[in-house]
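See structure below.
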Amino acid sequence: MQKSKLAIAVVGALFAMSAEAGTYILQANKWGSAQEAAVAAAGGRIVYASADAGMAVVESDNAGFGAAVQASRMVTEVLDDVVLNFDIPKAYEFEAEAGVVLTSETFWNLQWAPRAIEAPAAWSAGYTGAGVRVAVIDGGVHSTHADLNARIDHARSRNFTSPGAPTGGCTSAPTSWNCDTGTFWHATHVSGIIAARGDNNLGTVGIAPDATIVSLKALHNGSGSFGWIIAAMLYAADEANVSIINMSLGAETPRKQNAGLVAALNRAVNYATARGSLVVVAAGNSGYDMDKPPATVEVSPGVFEALGPSTIVVPAESGNAIAVSATAPIGYFLGNTYAAIPTSYTNYGNSLVWVSGPGGDTALPGNQVCSVPRLPAGVVNQFCWVLDLVFAPSRGTGASTTTYAWAGGTSMAAPAAAAVAALIKQKYPNAGPGQLKARLAQSATDEGKTGQDPMHGNGFINARRAVTQ
């Protein structure tokens, strides 16, 4: 097998194309019955509306919907939604063999990331994320996975996408929150990094293994829109009762492009923060120095736009969200266990990064094979460079509930930080978003330049220090 450059994590370009069913983001000073009546009269259907935020995401087949609802004077702004197209990470799947009697966390030895941030020491101190709720705004999650089923709040999980005709996989319910396409399912990997069970004698262990996941689907088959993401955020803030929101998604775009949508996303992030949720977001995987923006960005397939200093990464730079850059070891299972090396792909910059976390990389040269013990017996033989990626649950094929995969990106680093925030929240249950954000920074290990560093922000996250110092 040849190593290929990974399209690492769900972070991609922003494409100016209408979201399915004519999706719109509406804003008002306050959302109520008058606004609902105006939407209905214009031929719209509310996907989600937040009274206190004064925002709603609406779908309509009426080509004149925007003009009609604006003419009602019941809203202050009507924005045409656009779709974000994403690159799904290359994943290397590993399915637990049928019939194997598992008497421990079988693949713990493959999980360098929790050890790199000293998560076991936090668990030993009694902090596992118990009682803390984390919203994962992402694609569909494999809700019957043996490491996740008992950690997901099925009743509060929701779908906010309108993907239209099925495109393969999950064809019987393409819009369900626990449905997606392919065999990786990004949200499954992200959720497992946060809260894979540590008490089921199976598979992997999340960094906050007793936390509860609320799965909010805003992507389908690798695509999603501003409106779907905003609707999921508003719901998380209003109804999901979560302390942390993880969004391993985003796009780089000129600040002035779709400025109204960028502002609406800012408003949603800040609303969620004001309602008590720390918003944790992937920094992005284009290798951009966000203090010195790149010359161009692809704004539609094959169309590039010149950039100036007004480049923005959304939602990493949206409102009060904190962005997480990615690190990795280079040859961890060859004895190179220093895991705070900035990855080859991570976005960076003092203006962007709050903290860094384990994201994995494929930078190790060659195709040497490493043999890693599997518990309670046997070994896993895999290319050593694959083992430098992050190992967590995935969808797999058929009826499997025990599939795991290696993948890498800031998509994997963000949930590690979200999980550490969950540990902090367990220790300090009255801590608000600002306190969680500060504690993440204060407890991080200073890496790179002394003090704030463009690659690591305030440092490399450390679970032990977060709950013991």
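Numbers for the structure displayed
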| quantity | calculated |
| --- | --- |
| Hey, Ser356 among the hydroxyl-bearing types (Ser, Thr, Tyr), crowded, with 23+ Cβ neighbours inside 10 Å, more than 23 Å from Tyr338 (Cβ to Cβ) and touching a residue at least 24 places away in the same chain (Cβ under 8 Å) or not | no |
| Evaluation of Phe383 against (1) within 22 Å of Tyr332 (Cβ to Cβ); (2) surrounded by 24 or more Cβ atoms within 10 Å (Cβ to Cβ) (one fails), failing number | (2) |
| Whichever residue in the stretch 108-141 is touching a strand residue (DSSP E or B) at 6+ places or on another chain (Cβ under 7 Å) and under 19 Å from Leu202 (Cβ atoms) and, among such residues, is surrounded by the fewest Cβ atoms within 10 Å (Cβ to Cβ) | Asn109 |
| Filter pass, Leu389 being more than 30 Å from Cys179 (Cβ to Cβ) and of a type outside the set (Ser, Thr, Tyr) | no |
| Search result, residues across the stretch 328-342 that are β-branched (Val, Ile, Thr) and either buried (at least 19 other Cβ atoms within 10 Å of the Cβ) or assigned to a strand (DSSP E or B) (or both) | Ile330, Ile341 |
| Identity of the residue in the stretch 76-107, crowded, with 16+ Cβ neighbours inside 10 Å and among the β-branched types (Val, Ile, Thr), that ends up modelled with the highest pLDDT | Val78 |
| Residue list for the stretch 199-231, filter: surrounded by 24 or more Cβ atoms within 10 Å (Cβ to Cβ) and of a type in the set (Gly, Ala, Ser) | Gly203, Gly206, Ala208, Ala211, Ser215, Ala218, Gly224, Ser225, Gly227, Ala231 |
| Residue check for Leu216: in a strand (DSSP E or B) and either in contact with a strand residue (DSSP E or B) (Cβ under 8 Å, 6 or more places away or on another chain) or on the phi > 0 side of the Ramachandran plot (or both) | yes |
| Residues of the stretch 137-159 that turn out to be farther than 17 Å from Ala208 by Cβ, charged (D, E, K, R) and in a loop (DSSP other than H, G, I, E, B), as a count | 1 |
| Qualifying residue in the stretch 453-469 (condition: buried (at least 22 other Cβ atoms within 10 Å of the Cβ) and free of Cβ contacts under 8 Å to residues at least 40 places away in the same chain) | no |
| Close pairs from the stretch 64-75: first exposed (fewer than 12 other Cβ atoms within 10 Å of the Cβ), partner aromatic (Phe, Trp, Tyr), Cβ under 9 Å, at least 6 apart | none |
| Top-ranked residue in the stretch 324-351 [being modelled with pLDDT of 95 or more and under 17 Å from the mean Cα position of the chain (by Cα); ranked as nearest to Arg115 (Cα to Cα)] | Thr327 |
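Quick grid of which residues meet (1) modelled with pLDDT under 95; (2) in contact with a Pro (Cβ under 8 Å, 6 or more places away or on another chain); (3) farther than 25 Å from Asp147 by Cβ:
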position	(1), (2), (3)
Pro301	yes, no, yes
Leu375	yes, no, no
Val390	no, yes, no
Thr401	yes, no, no
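The values are calculated or read from the model by the stated rules, or taken from the named source; none is laboratory data. Computed from a predicted structure; not experimentally measured. As a convention, Cβ positions derive from the backbone with ideal geometry for all residues, glycine included, and neighbour counts pool all protein chains shown.
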